[in-house]
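Have a look at the structure below, then the notes.
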Amino acid sequence: MLTRTLRVVQAFDRTLVAEVAADDGDALEKKLALAVAAMRNRDGWLRPHQRSAVLQRTASLLEARQEPFVTRIAREGGKPVSDAAAEVIRAIDGLRNAAEALRTFAGREIPMGLTPASERRWAFTTKEPIGVVAAISAFNHPLNLIVHQVAPAIAVGCPVIVKPAAATPLSCLELVKLFQEAGLDEAWCQTFITDDNALAERLATDSRIAFLSFIGSARVGWHLHSRLSPGTRCALEHGGAAPVIVDRSVNLDTVIEPIVKGGYYHAGQVCVSTQRIFVHQDILGGFVERLTARVGRLRVGDPLLRETEVGPLIDPRETSRVASWLEEATSRGARLFGGGRYSETTLMPAVLVEPPADAKVSQLEIFGPVTCVYGFQDLDRAIDAANALPFAFQASVFSTDIAPALRAAERFDASCVLINDHTAFRTDWMPFAGRRQSGYGVGGIPASMEDMSQEKMVVLRHDM
């Protein structure tokens with residue numbers, strides 16, 4: 001019987017990079033059985049020092065092989081090599097972060113003796129792995145997202161089965177090889193390669209899965225959440241339409257660069273990309289002039305070239321979708337600066353000024369190289385507009401006046417508010433969470449370690 005394969009192509013020019021074997025239902029069953037067997041064999045559980053050593057060795061192996069991973073990310077995902085290099089550095093740090101977090105990953109003492117009935121007892125908790133983890137990942141950070149989902153599982157001792165995005169499986173496959181080279185037995189970290197949504201759902205909803213880590217679209221994530229087996233815990237990381245408020249007190253020459261970084265990094269294909277920019281009317285004209293000039297200077301093209309700042313979208317269908325949203329907005333009165341097609345896969349960066357509030361670009365996550373600018377007079381009304389969508393993730397306010405900055409920070413519906421920084425800022429150890437339709441649970445490596453573990457309490461009576 002012939003093994004089915006997935007074609008992995010370069011995001012920029014759609015040329016073939018590799019063909020990888022796809023897993024089927026039988027393979028899924030074998031992987032689940034292997035993971036469950038490892039979990040049930042308590043005597044075979046890896047000790048904390050062993051898990052830490054695997055993570056540290058994997059980080060060192062990845063550090064020694066950065067360039068092949070940089071090229072791989074740029075080819076399969078279309079991320080410019082300068083940004084791909086930063087992703088690899090983050091992944092190395094993330095692996096070490098997970099290992100180091102084990103030094104403080106501990107239970108706690110529970111007070112006893114507070115009532116006569118609880119006298120002569122000592123109680124404490126320990127941490128145990130929650131069980132088998134299913135990790136379903138996204139294309140936009142094909143290495144670092146895998147680290148975010150897999151490293152916490154390994155750190156706490158959970159067997160993990162990871163399904164990378166079908167368009168970008170190569171970085172995941174190579175990372176898992178590094179784990180094995182570092183001494184991790186296959187049972188503790190397996191890949192599941194498929195473009196079959198039904199098979200992916202079968203993995204996520206299997207009753208043997210104790211925890212689902214999902215990064216991807218809200219539509220898919222909430223569907224899987226509704227189908228989880230009773231008792232399965234989960235964390236969902238979706239997207240949003242991140243808002244920025246620019247107060248009239250700012251120095252326009254200092255705010256443009258971070259806003260451009262937040263909006264056009266990886267061609268806007270980031271769940272917290274700067275999308276909706278609310279600018280005080282007093283400075284709106286100057287802001288638009290400077291923003292459009294800077295966006296017009298962004299270097300677009302082949303992500304393998306060092307000078308490229310904006311590369312392709314992941315699929316030609318995405319370029320067509322984003323282009324159609326731009327057309328809808330301009331047909332209804334929005335002013336368009338930039339835009340157009342560079343190639344089948346790549347769009348020129350665009351700025352829309354005053355698109356209608358009910359246009360797709362104002363209501364939905366664009367996930368492309370587009371930002372939208374809206375003028376405002378009243379700060380509270382701008383905050384209300386920023387909070388009006390069913391998505392809520394990260395938000396930003398730029399101001400040199402502390403009062404509007406703190407008012408926005410207090411009133412934004414967001415899990416994180418950045419003051420004088422763009423919405424896409426993130427470190428891998430900070431909590432990272434979508435609110436409402438943007439997600440469920442909390443990401444970030446230490447937070448994921450907590451999610452993938454469970455406490456057990458031990459009560460010792462010491463008068464016997």
Any residue on another chain or 5+ positions along whose placed amide H is under 5 Å from the amide H of Leu418 is listed here as Ala395, Ser396, Val397
Amide H contacts under 5 Å for Phe432, restricted to residues at least 5 apart in sequence or on another chain and with H modeled in the peptide plane, are Gly443, Gly444
Expected vector for the range 180-186, Karplus 3J(HN,Hα) from phi with 6.51, -1.76, 1.60 and θ = phi - 60°, integer Hz, x for Gly and Pro, equals 5, 4, 7, x, 7, 5, 4
Based on the Kirkwood radius over alpha-carbon pairs, what is the Stokes-Einstein translational diffusion coefficient of the range 282-390 at 25 °C with 0.890 mPa s viscosity, in µm²/s?
165 µm²/s
Under 20 Å from a point 7 Å along the Cα-to-Cβ line of Glu289: which residues of the range 326-362 have their amide N that close?
335-338, 351-354
Counting only residues 5 or more places away or on other chains, whose amide H sits under 5 Å from the amide H of Thr191 once H atoms are built in the peptide plane?
Val162
The range 316-464: radius of gyration and largest Cα-Cα distance (Dmax), Å:
20.9, 82
Evaluate the Kirkwood expression for the hydrodynamic radius of the range 191-292, namely the inverse of the mean inverse distance over all pairs of different C-alpha atoms, and round to one decimal in Å.
16.6 Å
Would you mind getting the accessible area per residue of the chain, heavy atoms of the protein chains only, 1.4 Å probe, in Å²?
42 Å²
So, with +1 on the Cβ of K and R and -1 on the Cβ of D and E, and no other charges, what is the size of the charge dipole of the chain about its Cα centre, to the nearest 20 debye?
680 debye
Separation of the Ala33 and Glu128 label points, Cα + 7 Å toward Cβ, nm
2.6 nm
If one takes the longest principal axis of the Cα atoms in the chain, at what angle in degrees, from 0 to 90 and to the nearest 10, does the Cα axis of helix 284-296 lie?
70 degrees
Candidate values (i) 159, 55, 40; (ii) 79, 67, 40; (iii) 67, 59, 41, label of the one derived for Cα extents along the principal axes in Å:
(ii)
Extension reserve of the Ser320-Glu307 stretch, reckoned as 0.36 nm per residue once the Cα distance is removed
2.1 nm
Which angle between 0 and 90 degrees, to the nearest 10, do you get for helix 25-40 versus the longest principal axis of the chain when only C-alpha atoms count?
50 degrees
If the chain between Gln281 and Glu186 were fully extended at 0.36 nm per residue, the gain over the current Cα-Cα distance would be 28.3 nm
Can you bin every Cα-Cα distance in the range 1-68 into 5 Å intervals starting at zero and give me the percent of pairs per bin, rounded to whole numbers?
3, 12, 10, 11, 14, 19, 17, 9, 3, 1, 0
Where does each of Asp83, Asp421 land when they are ordered by accessible area, with a 1.4 Å probe and the largest first?
Asp421, Asp83
Separation between the Glu257 and Arg14 pseudo-spin-labels, each 7 Å from Cα along Cα→Cβ, expressed in nm?
3.8 nm
Using Cα atoms only, what is the angle between the long axis of helix 144-156 and the major principal axis of the chain, expressed in degrees (0 to 90) to the nearest 10?
20 degrees
Could you give the distance between the Cα centres of the range 261-308 and the range 6-44, to the whole Å?
37 Å
With θ set to phi - 60° and the Karplus curve 6.51 cos²θ - 1.76 cosθ + 1.60, what are the ³J(HN,Hα) couplings of the range 315-320 in order, to the nearest whole Hz, using x for Gly and Pro?
8, x, 4, 6, 5, 5
Heavy atoms of the protein only, probe of 1.4 Å, neighbouring chains included. What is the accessible area of Asp463 in Å², nearest 10?
60 Å²
Rounded percent of accessible protein surface that carbon and sulfur make up, the chain, 1.4 Å probe
51 percent
Please compute the modelled spin-label separation between Ser60 and Arg435, points set 7 Å along Cα→Cβ, answer in nm with one decimal.
4.4 nm
Taking the alpha-carbon centre of each part, the distance from the range 335-404 to the range 152-178 in Å is 34 Å
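The values are calculated or read from the model by the stated rules, or taken from the named source; none is laboratory data. Please read all numbers here as calculations on a predicted model, not as lab measurements. When we count neighbours, we look across all protein chains shown, and the Cβ atoms used for this are built from the backbone with ideal geometry, even at glycine. Heavy atoms of the whole protein, side chains included, go into the accessibility calculation; ligands, DNA and RNA do not. Shrake-Rupley method; radii C 1.70, N 1.55, O 1.52, S 1.80 Å.
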